[in-house]
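In what follows, a single structure is set out as structure tokens and then discussed.
Values quoted throughout were computed directly from the atomic coordinates according to the rules given, and no laboratory measurement underlies them. Nothing here was measured: the structure is a model prediction, and the numbers come from that model. Note: ideal-geometry Cβ built from the backbone for every residue, glycine included; neighbour counts use all protein chains shown.
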Amino acid sequence: MAQQTQPVESADTDDESALGGVLSGRHRRILSSLARHRGGLVGAATLVAVVFVAVAAPVIAPYDPLEQFVGPALAGPSTAHLLGTDMYGRDVLSRIVFGARNTLLLALIAVGISSVLGTIIGAAAGFYGGWIDEALMRGMDVVFAFPSLILAIVMMATFGINMYNAAFAVAVVFTPQFARVIRSNALSLREEEFIKAARTSGGTRRYILFKHVIPNGISELIVQTTINLASAILIMSGLNFLGLGIQPPKPSWGYMLANGRSYLLQAPWISTFPGVAIMIVVLAANIFGDGLRDALDPRNTERVR
Amino acid sequence: MGLARYVLRRLLLLVPVVIGATLLIFLMLHLAPGDPARLILGQRRASEETIRNIRQIFHLNEPLWKQYLLWLWDALHGDLGRSFTFRRPVTEMIVERYPITLQLALSGWLISMAVGIPAGIVSAVKQYTKVDYVTTIVALSGVSMPVFWQGIMLILLFSYFLGWFPSSGFAVDGTVFDRLHHLTLPAIALGTSITALTVRLTRSAMLDVLNQDYIRTARSKGVSEREIITGHALQNAFLPILTVLGMQLGLLLAGSVLTETVFGIGGLGRLLIRAVHKFDYPTVQGLTLVIVTVMVFMNLLVDVLYTFINPKIRYD
């Protein structure tokens, strides 16, 4: 975060500062432009807060999320139970806090796997070209032909219903999107002077791929990751809602919401609050992603020199 | 290159995708852990003889490539196998239920267009005004709202508190009014979930056009603002909007699965979920095959329409 507050003028001048090539002038410009994007900042702050809640869940949650009858069943919000209790007298707030942990962790695993897979596939396709490109990208087209949630659902039937398979299914669903973004980046890099230079100076193709092509797609990768994180949380929650993801009694927002449906009239809070939680996180990731995209778009970046 | 040749080329490009997708769906059964014959039978106990029969009927004794071709051949002839969980032919169940999902998806789509396109246009024309900000925020919230939660909230408000609409079911045999009465809440839930996307993309498509030089020229010539928007901008923004509407098909189908579950509607989506929970492979495979086929051909249709409206890209 420290880079965001640095004076903008210095951003362009010292390209190879203490942070080396990782934070080049362009990246600093992006960070400073992001710092001026109010929505992006609000999104980022919310995400940081949610991650904090997820990590510190055992400290923050007032009750054990699994313990039954910590209060009366189906009790409305009160000072003892801020968001009420569910049909087994479990504290809804504590379950939401722990649900953040499970949902975020799985969504992050999913997006992490798909970004690594997609980056390798996309970079290889764009860099090598020819039949490797054709084969890899047609494979991605096949995955893309399925509506994402439906592909994830169908994969659960094949591999069995549990939370890790759900994360894997979501990872597969998002891989083509990463692959496409990284491929087009790799394609444009192929003609760059520094790649040609690396070639003529005897760098092997694999070395160039991992040392130059992939690191140069990092900013595209980051934007795609935030945007996909929002969708991954939605799909993950959808799977949980359908009973195909995180299995009870482990708390998950989607399943809590589904479970509360039978008590909608007596205890609407059971279904309402987990939905609010999903919306806040997804909204934050979306706004942050928008901010990042604006910051990365050269047309929108004000070049302050 | 004429339109016919373009369509032909697009069709040829689809071949590897279709082969890949069908192969993937076919392999589902064989990638799953366990004996395919027992998997097809689901949770039912079976004698050795039944298993042998199943192997015969589903060609499981043949080599894998032959099984795939036979399965595809049967599917092309409308035979998607038999569900042992539901004790019915898969095709029959799909034929029976698809009108329900179609009605739901279509009405959701109509709602999204009726609300989303005008909102997107207004938001673009009034860029950086209060109207624009409010629309953008509402749209962004809409994108972020899970469709199943929205459905539950609609039920809570309009069925339980106000009592205006039924909370579940679908009056398949009812009167038109009856059916609309049941369809309203699910269609709104499904529609709103994609309206947000329509708004955002219409807005950006309109903004792209409104910033072009020829719009500036038209303005400086004194063409009225109304004429500029309806006569120039909207016509050119229509293409990107069309592509988006095509893309939304996948979202609509996925959204139907969740919406049908929330509202207890017996369409294709609910069938899929029940089949997955029971590991009923023939049903899951059949449904997925139908869904992917619809997706692939609708995308082709959108592509062709796109070229038809805009002849410039035909040569790409």
Cα centroid separation - region B:235-252 against region B:70-102, whole Å: 30
So the FRET efficiency between residue B:55 and residue B:114, C-beta based with R0 = 56 Å and rounded to 0.05, is 0.60
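Mind checking the mean number of beta-carbon atoms from other chains within 10 Å of the Cβ atoms in B:93-105? Don't skip to the end; give the middle numbers.
On the way: counts 0, 0, 0, 0, 0, 0, 0, 0, 0, 0, 0, 0, 0.
Mean partner-chain Cβ count within 10 Å for B:93-105: 0.
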Per-residue [θ]222 nm for chain A (sum of -39500 (n - 2.57) over DSSP H runs n ≥ 4, rounded to 500): -22000 deg cm²/dmol
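What range in chain B is the longest one free of chymotrypsin sites (Phe, Trp or Tyr not before Pro) that are in a loop by DSSP and have at most 16 other Cβ atoms within 10 angstrom?
On the way: sites that count: B:128, B:164.
It works out to B:165-316.
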Identify the trypsin sites (Lys or Arg not before Pro) of region B:133-238 meeting these criteria: DSSP loop state and at most 10 other C-beta atoms within 10 Å of the C-beta. B:221
I'd like the Karplus ³J(HN,Hα) series for region B:119-131: coefficients 6.51, -1.76, 1.60, θ = phi - 60°, whole numbers in Hz, and an x wherever there's a Gly or Pro. 4, x, 5, 4, 4, 6, 5, 9, 4, 6, 9, 4, 4
Once you have a ≥ b ≥ c as the square roots of the Cα gyration tensor eigenvalues for region A:93-305, tell me rounded if a/c is under 1.5, and otherwise prolate or oblate according to whether a/b is larger than b/c. prolate
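Can you give the FRET efficiency for residue B:7 and residue B:66, using 1/(1 + (r/R0)^6), R0 = 30 Å, r = Cβ-Cβ distance, to the nearest 0.05? The partial results should precede the final answer.
Working: r = 32 Å, r/R0 = 1.08.
Once the sixth-power term is evaluated, E becomes 0.40.
Rounded to two decimals, what is Rg over Rh for region B:1-123 when you use alpha-carbon atoms and the Kirkwood radius?
Ratio value, two decimals: 1.14.
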Computed E for residue B:171/residue A:131 - FRET, C-beta separation, R0 45 angstrom, nearest 0.05: 0.25
Under a plain spin-label model, where a point goes 7 Å from the Cα along Cα-to-Cβ, how far apart in nm are residue B:127 and residue A:164? 5.0
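How many partner chain Cβ atoms sit within 10 Å of a residue's Cβ in peptide B:145-157, on average, as a whole number? Don't jump to the answer; show the numbers that get you there.
Details: counts 7, 14, 4, 11, 13, 2, 1, 10, 6, 0, 4, 6, 1.
Partner Cβ neighbours, averaged per residue: 6.
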So which lysines can residue A:211 reach, going by Cα to Cα under 22 Å and dropping same-chain residues fewer than 8 places off? A:196
If you average 1/r over all unlike Cα pairs in chain B and invert the result, what Kirkwood radius do you get in angstrom? 22.5
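Sort B:104, B:180 so that the residue with the fewest other Cβ atoms within 10 Å of its own Cβ comes first and the one with the most comes last. Show your work: numbers first, answer last.
Working: B:104 27, B:180 15.
Least crowded to most crowded, the residues run B:180, B:104.
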If you stretched the chain out fully between residue B:204 and residue B:23, how much longer would it get, using 0.36 nm times the residue separation minus the C-alpha to C-alpha distance? 61.4 nm
Note the full-extension length gain between residue B:178 and residue B:164 as 0.36 nm times their separation in residues minus their Cα-Cα distance, in nm to one decimal. 3.8 nm
